[in-house]
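To start, the structure under review is shown below, and the notes come after it.
FYI, it's all coordinate maths here, none of it is from the lab. Note that the structure is a prediction, hence the values are computed from the model and not measured. Reconstructed Cβ throughout: ideal geometry from the backbone, glycine too, with neighbour counts over all protein chains shown.
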Amino acid sequence: MINNISILKNVTILYAEDEKDLREVTHQILKGFTKKQYVAKNGQEGLDLFREHENEIDLIITDVNMPILNGLEMVKEIKKHNLNIPIIVATAFSNKEYLLEAIDIGIDKYVLKPIDISKLLQVMSQSLLYHELKDLYIDKLTNLPNRNRLKKDLEQNKNIELMALLDIDEFSTINDLFGELNGDIILHELANLLRNYFDSSDFTIYRMDADKFAIVSLNKSLEVSSFYDQCSSFADKIEKDALCINEEEIDINITIGIAKGDGSRAYKYTQRVINYARAKHQRIMIYNESFNIQESFEENIKWVKQLKIGFKDKLFKAYFQSIVNAETKEVYKYEALIRYITHDGKEIAPAKFLDVAKRTKLYPNIIKIIINDSFELIKNKNKRVSVNVSFDDIANDETTAFIYDILEKNKEYTSLLEFEILESEEISDFNEVTKFIENVKKFNCSVGVDDFGAGYSNFNLLTLLDIDFVKIDGSLIENITTSKDLEIIVSTIANFSKEFKVKTVAEYVSSEEIYEKIKELGIDYCQGYYFNRPVGYDSID
């Protein structure tokens, strides 16, 4: 009884056999069961056919003893191109030594001569089904077990308790810079490095997806601290030694999350901690219940829902905090800050929801609300207002189109609108920012940089961008009265800005003492709780 041979009807095979009569008879039979056949008289001819038609060939049947190049030598060459292609060897019972070698080089099945056609067809279908199943569990690029295999192993092996998840930092950027082909080479090389570094008797390596790999400990006595040291050493090696790809050296960095737990729990924890590690800018981190990651997830889920409700029910409002002249304490302008006002009137600050809004692509709605509310204050109460824009806003065509459109519609008021570009967020394209500044200045808007000095290395912005003011980062201001170093930095920023005729604003001015120090250093404007907190539209005269 032959089962499952229907699978052969869409299959293209390569058949290599030097005995003419056997070759012709077998070929005629295979014609009736397979889609297409390439037939070779020896191993070299078979290898040439494979190289020419590799993308078509699904399965190989080969004799062992053939002239020019024997079947096993042909298979070795083919395996260099395609490690996973199903291969069946036809051999005489007397050739036991060849059979052992065939098994050693990864032959799937064998049939004995004289060939029983029914058995050959059965072996062919079994081999294809095996490889179809194998593809479900093996990653083709790295030949490592994949996510499906890990999930199955976690279900079947209750002894798995300790594992790590590893991924390459900014891998999408690597693909953009060097191309996806080189990206695949990097993944393949990293897989080999993992295999070589983590002994297969103690660890199993899996490729999860994209640039993620899992390292699972098979040693129940391995301590978390020892595993951490081993992973840390591997990370050191990766960062120290560049990968050589097509004679080019490519540096990569990795992030690793480690967790311990029974099977699936360890896997779940590694997924959580690797994201947490990246958010905290840590190269390697061990999961700890004290991180409250689960609570964070639940809070994020809650806020995704709340954001959607907020936009639908118009619960987001701009609040305004005054910015005063440092000499006179008179209000010069207001900064617009987003607030979420619940149905029962509770005011919620952006720290609770802004990051979630950015991650869920809902943030562009917020900048629209801020600008619309700012124009209400400008038009109805003749106040100058400053709004924050991030580089993501500037790089978003929809957001900038909205900004330019609303400026066009409110031309007579745009001289009272200012933009603060968030310097603390990465600016990856200064041409985009320069273009934005040029466009809004056509409407007589002023432009400044927020969070200035946060990295102590941003003075070049004064030369790169056509800006009117800088807002000195609050981390430099809040402790300025107790730190001589901070005083020197702020003084340097003030003096440097004056050279470029750029005004300065100090935020986080929360006391008389800080205010006096800021005035002494020659800062132009102040903002902070010493003067007032952000208030709603109705509270501004």
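Observations on the model:
- Applying 1/(1 + (r/R0)^6) with R0 = 41 Å to the Cβ-Cβ distance of D169 and H27 gives a FRET efficiency near 0.15.
- Here the contact order of the range 147-291, divided by its residue count and restricted to Cα pairs under 8 Å and six or more residues apart, works out to 32 percent.
- Local electrostatic count at K158 - Lys and Arg +1, Asp and Glu -1, tallied over other residues with Cβ under 11 Å: -3
- Förster radius 41 Å - calculated FRET efficiency between D468 and K312 (Cβ-Cβ, nearest 0.05): 0.65
- Here the extension length gained between S225 and T481 equals 87.9 nm, from 0.36 nm per residue of separation less the Cα-Cα distance.
- The magnitude of the dipole of the range 147-291, with charges of +1 and -1 set on the Cβ of Lys/Arg and Asp/Glu and taken from the Cα centre, is near 960 debye.
- Per-residue ellipticity at 222 nm from helix content only, as computed over the chain with -39500 (n - 2.57) for each DSSP H run of at least four residues, stands at -14000 deg cm²/dmol.
- Peptides 503-512, 196-205, 243-252 ordered by average Cβ neighbours within 10 Å, highest first: 503-512, 196-205, 243-252
- Computing FRET efficiency as 1/(1 + (r/R0)^6) for K361 and S118, where r is the C-beta to C-beta distance and R0 is 56 Å, gives about 0.40.
- Three principal axis lengths of the range 303-539 [C-alpha, angstrom, descending]: 49, 41, 34
- In order along the range 523-533, the phi-based Karplus estimate (6.51 cos²θ - 1.76 cosθ + 1.60, θ = phi - 60°) of 3J(HN,Hα) comes to 6, 7, 9, 10, 8, x, 5, 4, 9, 5, 8 Hz; Gly and Pro are listed as x.
- Summing charges over neighbours of K435, with a neighbour being any other residue whose Cβ is under 14 Å away from its Cβ, gives -4 when K and R count +1 and D and E count -1.
- Label-point separation in nm, S201 to N372, each point 7 Å along Cα→Cβ: 6.8
- Reciprocal of mean inverse Cα separation for the chain (Kirkwood radius, Å): 29.1
- Sequence-separation-based contact order of the chain, relative, with Cα cut under 8 Å and 6+ spacing, percent: 8
- Cβ crowding within 10 Å averaged over residues, with 44-57, 378-391, 63-76 ranked highest first: 63-76, 378-391, 44-57
- Residue ranges 482-488, 157-163 sort as 157-163, 482-488 when ordered by packing (mean number of other C-beta atoms within 10 Å per residue, highest first).
- Under 10 Å, Cβ to Cβ, from E420 - net charge with Lys/Arg +1 and Asp/Glu -1: -4
- In the range 219-275, a dipole from Cβ-located charges (positive for Lys and Arg, negative for Asp and Glu) runs towards its positive end, and of I252, L222, G263 it is G263 whose Cα lies farthest in that direction.
- Simple point charges give the picture: +1 on the Cβ of Lys and Arg, -1 on the Cβ of Asp and Glu, and for the range 303-539 a dipole about the Cα centre of about 900 debye.
- Cross-link pairs beyond the 20 Å C-alpha cut-off, checked among K435/K503; K140/K212; K411/K441: K435/K503
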